[in-house]
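The block underneath contains the structure these notes are about, expressed in structure tokens.
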Amino acid sequence: MSKTTPSHGLEDDSDPTYTHFAHRSEFLALLERFRSLDIERESDAKEDEVEDALVDSLGGILDYYLPLPGLLDPSLDHIVPSLMEGLGKTLHRLIEAQESRSSVAFTNPKRLARLGRVLNWIVKVRGWKAVVPHFPSAIPNLPMLVTLLSPPTSPSSSTTPSTPQHPLLSSPEAWELRAVLLLWLALLLTVPFNLTALSDNSIRVSSVAYGIDRPSASLLFKTPSAELAQRVILLSIPLLSRPGKEGAYSALVLARLYSREDAVQGLAGFLDWAVAEIRDGEREGEAHLAASVFEFLALLPSLLKTQHLPLVEHFMEENLLPHLRGSTTAAGSGLIRKLAIKAKGRLWLAKVGRGRKGQAEDEEDADLPEGLEEWLDDLMGGLSDKDTIVRYSSAKYLARLSFLLPPSFCSQIVQATISLFQGTEDEPVTITAFGTVIDPGGSSTSGGTLGFGGLETSRGEARWHGVCLALAEMARRGLVDEEAIGEAVEWVVKALTFDLRRASHSIGANVRDAAAYLLWSLSRACKPKMLERYAESMATALVSVAVFDREVGVRRAASAAFQEGVGRLGLYPEGIDVLAKTDFYSVSVRRLAFTVAAPAVAVHKVYRNRMREHLHHITFRHWDTAMRVQGAQTLRSLLQLGEEVDLQDSIQREIKELPSLDASNVHGALIALTQISTMFDAEDNRRQQIFDSLSTIRPAALVSSQAADILSAIFELLVSILGPSILTQAGTQAILDRYIDTGMKRREPEVQESIARVYGRLSCLREPTKDVNKLVADLKTFRLSQRQTACLALGQVQYPLDSPLTEKAVKALVGILGDIVKMDIESRKYAARSLGDIAIQRVDAEPIRKLTPLSSIFSALLVGLDDYTTDQRGDVGSWVRSTALNSLGKIISSIPSSSDLVPQETLQQIIGGTVKQSVEKLESVRGEAALALARIRESEWTWEGRDALLTSVAQLQDEGFRYIDPKDWFASALPLLMSQFRPNLLAGLVYSVGSQVITLSDAAFHPLLDYLQDNPAIIPEVLRDLLVSLEGNYTSNRIFIPTLQTVYKLFSNGLFSLVQESSAMDELYQRILIIACKGLSSIKSIERITVSMRVVIAFLSAPTSARVKAVDNLPIFLGHRFPRIRALASEEVYLALSATVEDELPEELEETLLETDWVGQEYAAGVDIVVESIRGLDIQ
């Protein structure tokens, strides 16, 4: 099982809906294992690792239920008490040991900390309010916890300093345990007994032991307090300055304490201490303390009686808030601003709620607390905060407070909140006719939230998001009356499309999500009659967002809001049918939402019209190119369902966008028109209308950052609309030349591909001689992009049967592919591809090529198979090799096996080259070679070893080669060692065997070794082929090094023992040694010298004559001018001899190899000793 996720899914994997605690039995089993651990026994490192994994497994299951933690509630009685029982026993044992001053059984601190971690994990997932009621509430636990969380009465030894808590609880790793104990302590402080009865008043509490000085203690204890209360205060005070849950839970402890009748008199002293501490403390370190104090203040209003609230309010308004307004702490911390809203909001809820208790709900003249309007202004200002947590907290307390106010006052608050959408008089919101927000307007808040700051650096989505959240919270409580609903719906429909461009991206997804939440709230809380007038607008807007929004979260939120409206209101047109097509899963994948869900909904006209509007105004104007492309595909589906007038309207709309200054608008219009044009008949006059509109595109659009997308879209549109009638018009060629000449200057592959398709379309409509001559001339240009495009376009041109143009184009492309020195790699790649495309063209089922151009195509592509060009991008020659393989596979498979167009010799060369590439080190090249062989095989061509490398075209589709085990693939090629293609196979195999990628090298070498062990008769021929390769490529490290590495691996893995000794083999061994050591004194490649050295050392276990030759060559390496080679050679020789010599090495030899300073200057004598000693050894 994974450490972080459950080991199995829900019971119904097809519908992973949270319905119950599906992992209950698994969790309880793991929990039982955890509880069985002996906390009184030491654990070793391995046990610690296993136990940490066990805790992570428990936490992984709990985390799975974070979306719906309430499902854990029925099981908490079986989980929490058992853990707390074990924790309580351990803690009581610690107390007994501390009180008796005697040694007790060992307590494992790591296991104790893990127990706290599991409990804290449960609290984190479910929340402390649900978990704490399951803690033990026995009163004896209260003094126990106070004692353990207080400093020990005496140090554990004379050299160990005192700790803030019991030594087992004070380590940083035990913070989760301390947090759980603080929660437990907070629960026990609710006991109904007076704390004096639980205190030992004979003991005088010293604040110094807690790290609190006497002036602070005098402030805290102005009034007499019980000894137990004093200890609780003193242990909690230091924790307030800690981050995270320790600070929050210590605030909870203090709040529970000061809300007691027997301790509330000390509240004033604590607040005085807090004032002094915050004012006198360091600004940099006050954030944690301020957060904890706000947590404390937020808890008090619901716990204190009314007469004590003015004390809290005075502290907050006169001391805490003014201090923070002058600091950067609150301005830089969204958490503190959020907690300030929370604390002050709860205070006002208590004041207003208790003040109106007993008054009629509709009583308009009720006395309201002074300062309420200012506080409401603060809350509305918080709606514009830059942090989401602050905005949501402001929205929540604004709605809660409005719920407690008289209806007329509440209506004014709702109207004021809605008016925030409009911005200010000086900076109003700017909206298009469709309702798209261009500028969200300014905010009336100048000082930020509560005067703390927190304003956005630039106008964005903050205010709109906050207003949507506030209205949603109000709507949930039924506070939006019928008069306000109309205006709210009008604005929220605009918010559903809120999307502000920011450089290369946009902002506003949270606004759209909150707008969907607002509509969900209105549907849930309002009566159908109140929303009847706006139902269609709400429904169509939600559906458009559900299928067309960019963000999956927004699409799902809109779908949920629509579902709520269908279920609660029953007013949405065709609600049930549309809901089934736009449910949670249907809109989860954007591609499916656009192409499946949207057309399915568009059968209903009321939705189709709104969706078409959304596409024209939002999707085609979107900053994301993928959105525009998917939107264009959807528009075509919608128009096929609509009427002719809709089609004409869409054409006119997008034609008007072509002169736009915004490049995104231009591109969106072009791809929309491209999809629309596919619906026209061949002689439709609207093709000419669209073509003529291309002249209105501004030149600036063709040099913008989106110029490549725009040009590609123009060419795709031309491919779609060009026809005979358009080509006969006078101005057609000028427009074509304008865009083609511009596109030929671009290096983006998508632009070059699109231009090539335009030439292909033109060749179908007119005689291609002029175009072919131009493209052939472009092959000679020095402009790389123009030459690359011409290479690609020549393959797309449709050539007439038996036309000299074919031979002219082929000759030009062959020249490009063969000129490795002058031609760039992209041009050669495109030339290889175009040669293949030309060779498979047919006119009336007849091939257009003759035997002569076909043979030149084969020769050029075979040259392409040997392209190993490299640059800063790596092995770019593989692009040419892959393309050549693809072309060869397509050409041969398009020719009947009975044809004489492919001579047998040519076929053998093609198969040999393909076999070589099929075992090379690059997976992409091997995959293309496999596909080429599969195509040729399935076309019924035959060759020797045809059954080797056996795959099918179907198996290799959709990157199927990546799923073939490399080891099995290399093994399937080895029968070719018995065929005429052995040299080709070895030529490619050495690249993989000699690769520095260990996994690839092993996958290629081990099958080769196994095959040679099973077929030792072919070993001499294999070695001869490798020797020929070494001798023929002596100057090419690219081939020589991996080939020699292959030889080394074979000999170092026992190849000598597989071959019978003979004079022929002896000569072969010596030739290999000669070529391996040739010219090493002048070679600088460390890699080549190293592999040569290893071959020589491997030959120390060869038959006698070869071994003698190897020993003679050892001085080359032991005495090499490179110190690194000398040291490496001595090490390799020692290891090789240790493995092959039966008896122990001679002492002199071993001492020389190990103790000579081979990287220094005094090594010459050691070389002679080593060589002479080895000559006398009996090496097996």
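Under 8 Å between Cβ atoms, which residue pairs at least 6 apart in sequence (or on different chains) link something in the range 162-189 that is at positive phi and in a helix (DSSP H, G or I) with a partner that is at pLDDT 90 or above and of a type in the set (S, T, Y)?
none
Every residue in the range 784-815 that is under 16 Å from D837 (Cβ atoms) and among the hydroxyl-bearing types (S, T, Y), please.
Scanning the range 784-815 gives T789, Y799, S803, T806.
Might you let me know whether the range 1142-1164 holds any residue that is surrounded by fewer than 13 Cβ atoms within 10 Å (Cβ to Cβ), under 29 Å from M1065 (Cβ atoms) and not aromatic (F, W, Y)?
yes
Hey, among L252, L228, L195, L188, which residue is buried (at least 18 other Cβ atoms within 10 Å of the Cβ), touching a Pro at 6+ places or on another chain (Cβ under 8 Å), under 24 Å from V132 (Cα atoms) and at pLDDT 85 or above?
L228
What are the residues in the range 983-1000 that are assigned to a helix (DSSP H, G or I) and free of Cβ contacts under 8 Å to residues at least 40 places away in the same chain, if any?
Correct list: I998, T999.
If I filter the range 125-139 down to residues being of a type in the set (A, V, I, L, M) and not in a helix (DSSP H, G or I), which single residue comes out as farthest from the chain's Cα centre (by Cα)?
I139
Among the residues of the range 1123-1131, are any in contact with a Leu (Cβ under 9 Å, 6 or more places away or on another chain), within 21 Å of A1076 (Cβ to Cβ) and among the acidic types (D, E)?
Yes, some residue in the range 1123-1131 is in contact with a Leu (Cβ under 9 Å, 6 or more places away or on another chain), within 21 Å of A1076 (Cβ to Cβ) and among the acidic types (D, E).
Quick check on my filter: what residues within the range 363-388 are in a helix (DSSP H, G or I) and exposed (fewer than 15 other Cβ atoms within 10 Å of the Cβ)?
E373, E374, D377
For the range 39-86, name all the residues that are loosely packed, with under 14 Cβ neighbours inside 10 Å, in contact (Cβ under 8 Å) with a residue 24 or more places away in the chain and outside any helix (DSSP H, G or I).
E40, R41, E42, L66, P67, L68 - these are the residues of the range 39-86 that are loosely packed, with under 14 Cβ neighbours inside 10 Å, in contact (Cβ under 8 Å) with a residue 24 or more places away in the chain and outside any helix (DSSP H, G or I).
How many residues are loosely packed, with under 13 Cβ neighbours inside 10 Å, aliphatic (A, V, I, L, M) and over 18 Å from T163 (Cβ atoms) when one looks only at the range 201-225?
Going through the range 201-225 one residue at a time, the tally reaches 1.
Yes or no: L257 closer than 23 Å to A226 by Cα, aliphatic (A, V, I, L, M) and crowded, with 22+ Cβ neighbours inside 10 Å?
It is true that L257 is closer than 23 Å to A226 by Cα, aliphatic (A, V, I, L, M) and crowded, with 22+ Cβ neighbours inside 10 Å.
A quick yes/no check of all residues on (1) in contact with a strand residue (DSSP E or B) (Cβ under 6 Å, 6 or more places away or on another chain); (2) in a helix (DSSP H, G or I); (3) modelled with pLDDT of 90 or more; (4) more than 25 Å from F1056 (Cβ to Cβ):
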residue: L1137; (1), (2), (3), (4): no, yes, no, no
residue: T1152; (1), (2), (3), (4): no, yes, no, yes
residue: G1160; (1), (2), (3), (4): no, no, no, yes
residue: V1167; (1), (2), (3), (4): no, yes, no, yes
residue: V1171; (1), (2), (3), (4): no, yes, no, no
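Restricting to the range 755-777, name every residue that is within 20 Å of L835 (Cβ to Cβ) and under 43 Å from the mean Cα position of the chain (by Cα).
I755, A756, R757, Y759, G760
Kindly evaluate R1124 against the criterion of being assigned to a helix (DSSP H, G or I), in contact with a helix residue (DSSP H, G or I) (Cβ under 8 Å, 6 or more places away or on another chain) and modelled with pLDDT of 90 or more.
In short, yes.
Taking only pairs six or more apart or across chains, which ones have beta-carbon atoms under 7 Å, a first residue in the range 389-406 that is assigned to a helix (DSSP H, G or I), and a second residue that is among the aromatic types (F, W, Y)?
L401/W348
Does the range 97-105 contain any residue that is free of Cβ contacts under 8 Å to residues at least 12 places away in the same chain, surrounded by 12 or more Cβ atoms within 10 Å (Cβ to Cβ) and either among the polar types (S, T, N, Q) or assigned to a helix (DSSP H, G or I) (or both)?
yes
Output the residues belonging to the range 555-587 that are more than 21 Å from R533 (Cα to Cα) and outside any helix (DSSP H, G or I).
Answer for the range 555-587, where residues must be more than 21 Å from R533 (Cα to Cα) and outside any helix (DSSP H, G or I): T582, D583, F584, Y585, S586, V587.
Go through the range 759-788 residue by residue and tally those that are touching an Asp or Glu at 6+ places or on another chain (Cβ under 9 Å) and under 13 Å from F715 (Cα atoms).
2
Just checking: which of the helices (runs of 4 or more DSSP H) contained wholly in the range 425-531 hold 2 or more residues that are under 20 Å from A546 (Cα atoms) and at pLDDT 80 or above?
462-476, 482-495, 509-525
Determine if the range 746-760 includes at least one residue that is of a type outside the set (A, V, I, L, M), in a helix (DSSP H, G or I) and surrounded by fewer than 13 Cβ atoms within 10 Å (Cβ to Cβ).
Checked the range 746-760: no residue is of a type outside the set (A, V, I, L, M), in a helix (DSSP H, G or I) and surrounded by fewer than 13 Cβ atoms within 10 Å (Cβ to Cβ).
Condition first: in contact (Cβ under 8 Å) with a residue 60 or more places away in the chain and under 30 Å from F403 (Cα atoms). Can you find one or more residues in the range 292-306 that meet it?
no
Considering only residues of the range 197-208 that are in contact with a helix residue (DSSP H, G or I) (Cβ under 8 Å, 6 or more places away or on another chain) and not in a loop (DSSP other than H, G, I, E, B), which is farthest from M84 (Cα to Cα)?
Here the residue is V208.
Is there a residue being in a helix (DSSP H, G or I), modelled with pLDDT under 90 and not hydroxyl-bearing (S, T, Y) anywhere in the range 1072-1083?
Within the range 1072-1083, none of the residues are in a helix (DSSP H, G or I), modelled with pLDDT under 90 and not hydroxyl-bearing (S, T, Y).
When V1047 is evaluated against the numbered criteria (1) touching a residue at least 12 places away in the same chain (Cβ under 8 Å); (2) β-branched (V, I, T); (3) farther than 28 Å from S1082 by Cβ, which criterion, by number, is the only one it fails?
(3)
Kindly establish whether E483 is farther than 30 Å from D624 by Cβ, surrounded by fewer than 17 Cβ atoms within 10 Å (Cβ to Cβ) and not small (G, A, S).
It is true that E483 is farther than 30 Å from D624 by Cβ, surrounded by fewer than 17 Cβ atoms within 10 Å (Cβ to Cβ) and not small (G, A, S).
So in the range 503-560, with the set limited to residues that are surrounded by fewer than 23 Cβ atoms within 10 Å (Cβ to Cβ) and free of Cβ contacts under 8 Å to residues at least 40 places away in the same chain, which one is farthest from E490 (Cα to Cα)?
Here the answer is A503.
Output the residues belonging to the range 1001-1030 that are polar (S, T, N, Q) and surrounded by fewer than 16 Cβ atoms within 10 Å (Cβ to Cβ).
Within the range 1001-1030, Q1013, N1015 meet the criteria.
Output the helices (runs of 4 or more DSSP H) that fall wholly within the range 588-696 and possess 2 or more residues being surrounded by fewer than 21 Cβ atoms within 10 Å (Cβ to Cβ) and of a type in the set (S, T, N, Q), or say none.
Of the helices (runs of 4 or more DSSP H) lying wholly inside the range 588-696, those with at least 2 residues that are surrounded by fewer than 21 Cβ atoms within 10 Å (Cβ to Cβ) and of a type in the set (S, T, N, Q) span 625-641, 644-657, 686-693.
Which residues, counting only those in the range 21-59, are polar (S, T, N, Q) and farther than 18 Å from G116 by Cα?
Once the filter is applied, which keeps residues that are polar (S, T, N, Q) and farther than 18 Å from G116 by Cα, the range 21-59 yields only S25.
The values are calculated or read from the model by the stated rules, or taken from the named source; none is laboratory data. Everything numeric in this text was worked out from a predicted model, so none of it was measured. No Cβ is skipped: glycine too gets one built from the backbone with ideal geometry, and neighbour counts run over all protein chains shown.
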